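I'd like to ask some things about the structure below.
Please treat every number below as a calculation from the coordinates, not as lab data. Note that this is a predicted model, so its numbers are computed, not measured. So basically every Cβ, Gly included, is an ideal-geometry build from the backbone, and we count neighbours across all protein chains shown.
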Amino acid sequence: MHALIVVAHPDSNSLTHNLAKQVAEGLKSAGHSSELADLHAEGFDQRYSLADLNVHRHMATPPADVLAEQARIERADSLVLVFPVYWWSLPGLLKSWVERVFSNGWAFGYSLEGGLQKKLRHLQVHLIGVAAGDAGLFQRHGYDLAMKTQIDHGIFDYCGASVQGSHLMFESESRDPAPRLDDARSIGQAMFAKASAHKSTEVV
């Protein structure tokens, strides 16, 4: 099985990047492959342009950089987003990646006759958010539920993708990162466990 791990953080030595590396290590140790998409290092253009709007209007095909990202996702069995929590949501670069890449006609479709068509039902998604605050803060103010509503449901369920894991790593700036790195490795190791177990029980 194959996973696409997408990271949006400007510091390659950050906890966010190290968590992504541990997810990849966990996948490798379980016999799976992965590809890392470092949006900052690769210089992904986060500007939603008239060209993107024309894709939404069915007036143009997606630009080359968007097609390349869509091809990456199409090669993957699972999509993993690893990101710092900025203002209780995705960082701007990652949000722009979603806005440009998950385009009308590819991730979803809509018509007056058929309504909403969810086109990514085959895709599994894992979310790993890195938060400076503690769990109590997120729960008291409903930030955790708000993030699930806007990201898990508002983005991925809208496209038909299945969110298999939604994790928040709390107190990232004040606690020992080692347990979180262990958790990320475990997430990678277990990502395709159900699929592997199913294959092992198939009659050959």
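Which GluC sites (Glu not before Pro) from region 108-182 combine a DSSP loop assignment with at most 13 other Cβ atoms within 10 Å?
In loop regions of region 108-182 (DSSP not H, G, I, E or B), the sparsely surrounded GluC sites (Glu not before Pro) are Glu113, Glu173.
Can you give me the relative contact order of the chain as a percent, contacts being Cα pairs under 8 Å and 6 or more apart?
Result for the chain is 28 percent.
Sticking with this one: Can you tell me which of Gly92, Gly133, Gly43 moves the most in a GNM of the chain? Springs connect C-alpha atoms under 10 Å apart.
Result for the chain, Cα springs under 10 Å: Gly43 fluctuates most.
Test of the criteria: in region 84-136, which trypsin sites (Lys or Arg not before Pro) are in a DSSP loop and have at most 14 other Cβ atoms within 10 angstrom of their Cβ?
For trypsin sites (Lys or Arg not before Pro) across region 84-136 that sit outside H, G, I, E and B with at most 14 neighbouring Cβ atoms in 10 Å, the list reads Arg121.
How large is log10 of I(q)/I(0) for the chain at q = 0.13, 0.15 Å⁻¹ when the intensity is taken from the Debye formula with one equal scatterer per alpha-carbon?
Log10 of I(q)/I(0), two decimals: -0.75, -0.98.
Separation between the Lys148 and Glu113 pseudo-spin-labels, each 7 Å from Cα along Cα→Cβ, expressed in nm?
So the label points at Lys148 and Glu113 sit 3.9 nm apart.
Where in region 131-199 are there trypsin sites (Lys or Arg not before Pro) that are in a DSSP coil and have at most 16 other Cβ atoms within 10 angstrom of their Cβ?
Arg175
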